[in-house]
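Read through the structure below, which is laid out as structure tokens, and then see the notes.
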Amino acid sequence: MGFAHLLIRLGVPYDDARAESAGEEIISFIQKESKIASKRLADERGPFPNFKGSLWDKRNLVHRNATTTTIAPTGTLSIIAGTSSGIEPIFDISYKRLLLGGIEVQVDDPLWQEAKDQPDAIEKLEKLFRRAYQIAPLAHLRIQRTFQNHVDNAVSKTINLPETATPEDILTIYLEAHGMGIKGTTIFRNKSRDYQILSCGTHQIC
């Protein structure tokens, strides 16, 4: 988690090619190092029980773990950590989130709280604080593909669409994702449910 906040700190918009490059550098490093660590563990303790006949066996790469990487949602955890969720863009600079048990919390982006009183706040808001619903679907998919290329398991990623999105829009996104080789894609159309986990008002509307 924290990818969007990292980009903001670097001065890179989320829907910029430089964001993909940054993501590539980060996740490829994590993947490489996780495999090195897994091999060391295998040297000490042996490979995982189903190693024989596995993908790693066929590649003659002995690992302790069948998989070492995934991108989890980390929605609630990111609030506790005070950073952005997973590899998602920020949802908004200020929004409400419904937690388990029906607890509603107000979330104010901590980086925006730092930046809002600076002379260039409006410029940063438009350029760097790109909210989830401002990111074009293809830009979402490109970030997902960047991480998926170096992740063993699933990548949690949501494309937020306005309430005006049509079934044809959604079909286009799924077909594009399939063409990119992405394992799974989640789409949420605003106001598609009466009660939303993330909202810019009282369970409503961005």
Item to check | Set K96/K191; K116/K157; K116/K191; K35/K58; K157/K191; K35/K157 screened for pairs whose C-alpha atoms are more than 21 Å apart | outcome: K116/K157; K116/K191; K35/K157
Checklist entry - Rounded to a whole number, what is D in µm²/s for region 1-58 from Stokes-Einstein with the Kirkwood radius over alpha-carbon pairs (10 °C, 1.306 mPa s)? => result 115 µm²/s
Checklist outcome for this item: Among K52, K35, K157, the residue with the largest mean-square fluctuation in a Gaussian network model of the chain built from Cα contacts under 10 Å is K52
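Count charges around R45 for me, please; just the other residues with Cβ under 12 Å from its Cβ, Lys/Arg as +1, Asp/Glu as -1.
Numbers: positive: K39, R40, R64; negative: D43, E44.
It works out to a net charge of +1.
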Item to check | Neighbourhood charge, 9 Å Cβ-Cβ cut-off, centred on Q148 and excluding it, Lys, Arg +1 and Asp, Glu -1 | outcome: +3
Item to check | Positive-end extreme of charge dipole, region 1-51 - chosen from P13, P49, A37 (charges on Cβ) | outcome: P49
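Would you mind estimating how fast region 82-178 diffuses translationally, via Stokes-Einstein at 20 °C and 1.002 mPa s with the Kirkwood radius over Cα pairs, in µm²/s?
Working: Rh = 15.5 Å.
My calculation gives 138 µm²/s for D.
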Checklist entry - Using a Förster distance of 22 Å, how high is the FRET efficiency between L98 and D169, based on the Cβ-Cβ distance and rounded to 0.05? => result 0.25
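Send over the per residue convex hull volume for the chain, Cα only, as a whole number of Å³.
Working: hull volume 31.7 nm³, N = 206.
Roughly 154 Å³ of hull volume per residue.
Rounded to two decimal places and with Rh computed the Kirkwood way over Cα pairs, what is Rg over Rh for region 143-195? Write down the numbers at each step before the final one.
Working: Rg = 12.3 Å, Rh = 12.1 Å.
Checking Rg against Rh, the ratio lands at 1.02.
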Item to check | Packing rank of 171-184, 21-34, 1-14, where each peptide gets the mean count of other beta carbons within 10 Å, highest leading | outcome: 1-14, 21-34, 171-184
Checklist entry - Given the C-alpha centroids of region 133-198 and region 67-103, what is the distance between them in whole angstrom? => result 16 Å
Item to check | Long-range HN-HN contacts of I187 with modeled amide H, under 5 Å | outcome: I159
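Bear in mind these aren't lab numbers, they're just calculated from the coordinates by the rules spelled out. This is a predicted model, so every value here is computed, not measured. Note: ideal-geometry Cβ built from the backbone for every residue, glycine included; neighbour counts use all protein chains shown.
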